[in-house]
Amino acid sequence: GDGEYSDRVPVTNAVESFAITDGDAVDRRTVVDIARCNDCHAQLSLHGNNRTDEPQLCVICHNPDATDLNRRPADASSSPDGLAERPIDFKHMIHGIHAAHVRETPFVVYGFGGRAHDFSHVAYPRSPADCVACHSSGSYTLPLPAGVLATTVDTGPDKSSPDDDLNISPTAAVCSACHDGELAATHMEQNGASFATTQGLIDNGSVTETCAICHGPGRVADVESVHAR
């Protein structure tokens, strides 16, 4: 009626860790520094202003097993990128969005309401190689910490189980979000990465990424050196 109004007030989300299999709660590692993100975003608030300034909340839904499958049309040929699904894993998606203008193929993610978001137009104001623009110091170096999961690209026949998912091995999932060309993929595969593996094969050592041999700290192509601003 008259005088009624609606307003959305972004409130920083609260996150608390709790134990599941551990004896005590273990906090998730800190990967990005929201203060650095907000150098550009001022206040990072999404999904109707109810996801605000807390990356540790974002990764609950934007986890390695998550894709946009349920938001996409059944006919993949009607999607702008021709894919049946796209990972929405934070480590893959955020790199893909911020490097969209340097990718060889469009980075498209379907969101709520079945709407396609094509990020090809994103003009990131800093060098995409400037890791510390977002990352906490040292959180972007190789090798990745033990336990970082692979990124699902195909949820497989059983949509309720991650066991039959096809995945990108974890380091390649990050790097290929920006370096998305065929040559880059071949280089990754030659050094142990896979773009169609299972988490089980990674866990039992059948798939082992060796990226850190060249891209680890102090190595010939140290991530920190090749991504120097």
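Values for this structure:
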| item | result |
| --- | --- |
| Criterion: in contact with a Leu (Cβ under 9 Å, 6 or more places away or on another chain), more than 22 Å from PHE107 (Cα to Cα) and not hydroxyl-bearing (Ser, Thr, Tyr) - qualifying residue of ASN50, ASN38 | ASN38 |
| Cβ-Cβ under 9 Å pairs, at least 6 apart or on other chains, segment 1-27 side of a type in the set (A, V, I, L, M, F, W, C), far side open to solvent by 100 Å² or more (accessible area, probe 1.4 Å) and not in a loop (DSSP other than H, G, I, E, B) | VAL15/ILE60 |
| Single residue of segment 34-46 satisfying the filter (in contact (Cβ under 8 Å) with a residue 60 or more places away in the chain and open to solvent by 50 Å² or more (accessible area, probe 1.4 Å)) that is nearest to VAL132 (Cα to Cα) | ARG36 |
| Selection from segment 60-106 of residues that are open to solvent by less than 40 Å² (accessible area, probe 1.4 Å) and β-branched (Val, Ile, Thr) | THR67, ILE88, ILE97 |
| Matching residues in segment 124-137 - criterion: being within 23 Å of HIS47 (Cβ to Cβ) and modelled with pLDDT under 90 | TYR124 |
| Which numbered condition SER136 fails, given (1) over 24 Å from GLU85 (Cβ atoms); (2) open to solvent by 40 Å² or more (accessible area, probe 1.4 Å); (3) polar (S, T, N, Q) | (2) |
| Residue that is under 27 Å from GLY48 (Cα atoms), in contact with a Cys (Cβ under 9 Å, 6 or more places away or on another chain) and part of a loop (DSSP other than H, G, I, E, B), where the choices are PRO73, PRO125, PRO106 | PRO125 |
| Tally, over segment 198-229, of residues that are out of contact with any Ser or Thr (no Cβ under 8 Å at 6 or more places or on another chain), among the hydrophobic types (A, V, I, L, M, F, W, C) and part of a loop (DSSP other than H, G, I, E, B) | 3 |
| Verdict on ILE20 being open to solvent by 70 Å² or more (accessible area, probe 1.4 Å) and of a type in the set (A, V, I, L, M, F, W, C) | yes |
| Complete set of residues in segment 154-197 that are outside any helix (DSSP H, G or I), open to solvent by 40 Å² or more (accessible area, probe 1.4 Å) and touching a residue at least 12 places away in the same chain (Cβ under 8 Å) | ASP154, LYS159, LEU166, ASN191, PHE195, ALA196 |
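The values are calculated or read from the model by the stated rules, or taken from the named source; none is laboratory data. Computed from a predicted model, the values in this text were never measured in an experiment. Neighbour counts run over all protein chains shown; Cβ positions are idealised from the backbone, glycine included. To get the accessible areas, we keep the full protein, side chains included, count just its heavy atoms, and leave off ligands, DNA and RNA. Shrake-Rupley method; radii C 1.70, N 1.55, O 1.52, S 1.80 Å.
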